[in-house]
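These notes concern the structure reproduced below.
The values are calculated or read from the model by the stated rules, or taken from the named source; none is laboratory data. Because the structure is predicted, anything quoted here is derived from the model rather than measured. Glycine also receives a Cβ, built like all others from the backbone with ideal geometry; neighbour counts cover every protein chain displayed. Note: areas computed on protein heavy atoms with side chains; ligands, DNA, RNA excluded. Shrake-Rupley method; radii C 1.70, N 1.55, O 1.52, S 1.80 Å.
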Amino acid sequence: MSDYNWCHGPECHEQQTQSRVRGSGDNKVLRTIKIKQGSEWIRQSVFSHFCNQRCLMDYLKLHKDSIVTIAPRREALETPIKVEKTKSQEYRMRYNGENYERIPYQATRTIIKSVDNNDG
Ligand SMILES: [Zn+2]
């Protein structure tokens, strides 16, 4: 296994940064970024193949139709939940021309809770 990957961004070699300039004299080029695979973090990361967010998104935009055929989603997935609503007394402030006064109101808070799938 090589210790680097070339960035897969389709336009990586067109971005005008100093880090991409190679060659000498009148033979200079912008070259695709070489990504060193020097750490476990980089090898596990999506950025082992992309030098930055733009190159990643350019690649996804260009190849999205091919990528989704690898693991297509043809129907929605669902996660069982419980929804709890709690009411509480809250206050907002209102300026009456001289002072601020506390105006009470009933707030409703919605909490989404996970359900243990083994309980059915
Ligand atoms: Zn790149």
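Of note:
- Any hit, the range 34-42, residues being under 21 Å from the mean Cα position of the chain (by Cα) and within 13 Å of the ligand (Cβ to nearest atom): yes
- Within the range 80-93, considering residues that are open to solvent by 70 Å² or more (accessible area, probe 1.4 Å) and either among the aliphatic types (A, V, I, L, M) or in a loop (DSSP other than H, G, I, E, B) (or both), the one farthest from the ligand (Cβ to nearest atom): MET93
- Filtered residues of the range 17-27 (kept if assigned to a helix (DSSP H, G or I), more than 12 Å from the ligand (Cβ to nearest atom) and hydroxyl-bearing (Ser, Thr, Tyr)): none
- Verdict on ALA71 being free of Cβ contacts under 8 Å to residues at least 40 places away in the same chain and surrounded by 10 or more Cβ atoms within 10 Å (Cβ to Cβ): no
- So LEU77, is it aliphatic (A, V, I, L, M), outside any strand (DSSP E or B) and within 16 Å of the ligand (Cβ to nearest atom): no
- If you go through the range 12-52 and keep only what is of a type in the set (Asp, Glu) and within 24 Å of LEU62 (Cα to Cα), you end up with just GLU14.
- Search result, residues across the range 39-65 that are more than 24 Å from GLN16 (Cα to Cα) and either open to solvent by 60 Å² or more (accessible area, probe 1.4 Å) or in contact with a Cys (Cβ under 9 Å, 6 or more places away or on another chain) (or both): GLU40, TRP41, ARG43, GLN44, LYS64, ASP65
- Only a single criterion out of (1) exposed (fewer than 11 other Cβ atoms within 10 Å of the Cβ); (2) aliphatic (A, V, I, L, M); (3) within 16 Å of the ligand (Cβ to nearest atom) is not satisfied by LEU30, namely (1).
- Close pairs from the range 34-61: first over 18 Å from SER2 (Cβ atoms), partner away from the ligand (no atom under 14 Å from the Cβ) and open to solvent by 40 Å² or more (accessible area, probe 1.4 Å), Cβ under 8 Å, at least 6 apart: LEU60/ILE67
- Selection count where residues are assigned to a helix (DSSP H, G or I) and under 16 Å from the mean Cα position of the chain (by Cα), scope the range 49-74: 10
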